[in-house]
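J.: Provided herewith is a single structure, encoded as structure tokens, for subsequent inquiry.
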Amino acid sequence: MVRSKANLQFLRSQINPHFLFNTLNTLYGTALEENAGRTAEGIQRLGDMMRFMLQENNLDFIQMDKEIDYLNNYIALQKLRTQTSQGIVIEDNINEQNCNHRIAPMLLIPLVENAFKHGISLNERSWIIINLSCTEKNILFEVRNSIHAKRMATRKKKDRASVL
């Protein structure tokens, strides 16, 4: 009985991603048929990111190129979202040369996600600069973003409220 239940759970874990990727492929094809290139690109990148989450995210370490692919997909998705906003500049300088290191999966992405979450305003000029390069021994990673006064004021109010 326990073995049957475990087998059923394993089967379900295989079917759910399979269904999801089939659905994404259907949406991707529909977007292409409707000449919605940006939507198709977004769906394709989302699928690649989800595949990474399912295949690589559970490992202790992955090759740096896999992490870079994930970063590039995430940045490209964000660029799709902000593409029509003229006051937003996103500069990504990712140099993969010498990036032969192994790294914990999803180690770099939280910094980039936070830059997009806190550094982008659709109402104000905004910018994000992402630099990544490697030496034989080191990974050099820098993420910088604009700061918006309204968000800073809101954050200060929250900080004061939590101190009181």
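The values are calculated or read from the model by the stated rules, or taken from the named source; none is laboratory data. The structure presented is a predicted model; accordingly, all values stated were derived computationally and were not measured. Counting neighbours? That spans all protein chains shown, and the Cβs are built from the backbone with ideal geometry, glycine included. When the accessible area is computed, the model is the full protein with side chains, heavy atoms only, and any ligands, DNA or RNA have been set aside. Shrake-Rupley method; radii C 1.70, N 1.55, O 1.52, S 1.80 Å.
J.: When you scan segment 85-95, do you find a residue that is hydrophobic (A, V, I, L, M, F, W, C), crowded, with 17+ Cβ neighbours inside 10 Å and in a helix (DSSP H, G or I), even just one?
T.: Step one: list which residues in segment 85-95 are hydrophobic (A, V, I, L, M, F, W, C), which gives 88-90, 94.
Now restrict to residues that are crowded, with 17+ Cβ neighbours inside 10 Å: 88, 90.
From what's left, in a helix (DSSP H, G or I): none.
Looking for residues that are hydrophobic (A, V, I, L, M, F, W, C), crowded, with 17+ Cβ neighbours inside 10 Å and in a helix (DSSP H, G or I), one finds none in segment 85-95, hence no.
J.: For the condition among the aliphatic types (A, V, I, L, M), within 28 Å of A40 (Cβ to Cβ) and surrounded by 15 or more Cβ atoms within 10 Å (Cβ to Cβ), what is the one hit in I103, I75?
T.: I75
J.: Can you give me the number of residues within segment 18-50 that are in contact (Cβ under 8 Å) with a residue 24 or more places away in the chain and more than 20 Å from P110 (Cβ to Cβ)?
T.: The number of residues fulfilling the criteria is 7.
J.: Here's a follow-up. When you go through S162, S121, S126 one by one, which is the residue that is surrounded by 11 or more Cβ atoms within 10 Å (Cβ to Cβ) and at pLDDT below 90?
T.: After ruling out the rest, the residue left standing is S121.
J.: Here's something else I'd like to know. Name the single residue, out of those in segment 48-72 being open to solvent by 80 Å² or more (accessible area, probe 1.4 Å) and not in a helix (DSSP H, G or I), that is farthest from C99 (Cα to Cα).
T.: Looking at the filtered set, the residue picked out is N58.
J.: List, please: which pairs have Cβ atoms under 6 Å, are six or more places apart or on different chains, and start with a residue in segment 52-65 that is of a type in the set (D, E) and end with one that is part of a loop (DSSP other than H, G, I, E, B) and open to solvent by less than 100 Å² (accessible area, probe 1.4 Å)?
T.: Close Cβ pairs (under 6 Å, with a partner that is part of a loop (DSSP other than H, G, I, E, B) and open to solvent by less than 100 Å² (accessible area, probe 1.4 Å)) amount to E56/P105.
J.: Then there's this: Could you say which residue among R38, R3, R45, R12 is in a helix (DSSP H, G or I), in contact with a helix residue (DSSP H, G or I) (Cβ under 6 Å, 6 or more places away or on another chain) and either modelled with pLDDT under 80 or open to solvent by 90 Å² or more (accessible area, probe 1.4 Å) (or both)?
T.: Of R38, R3, R45, R12, the one residue that is in a helix (DSSP H, G or I), in contact with a helix residue (DSSP H, G or I) (Cβ under 6 Å, 6 or more places away or on another chain) and either modelled with pLDDT under 80 or open to solvent by 90 Å² or more (accessible area, probe 1.4 Å) (or both) is R38.
J.: Filter segment 23-44 for residues that are among the charged types (D, E, K, R) and within 20 Å of the chain's Cα centre (by Cα) and give the result.
T.: R38, E41
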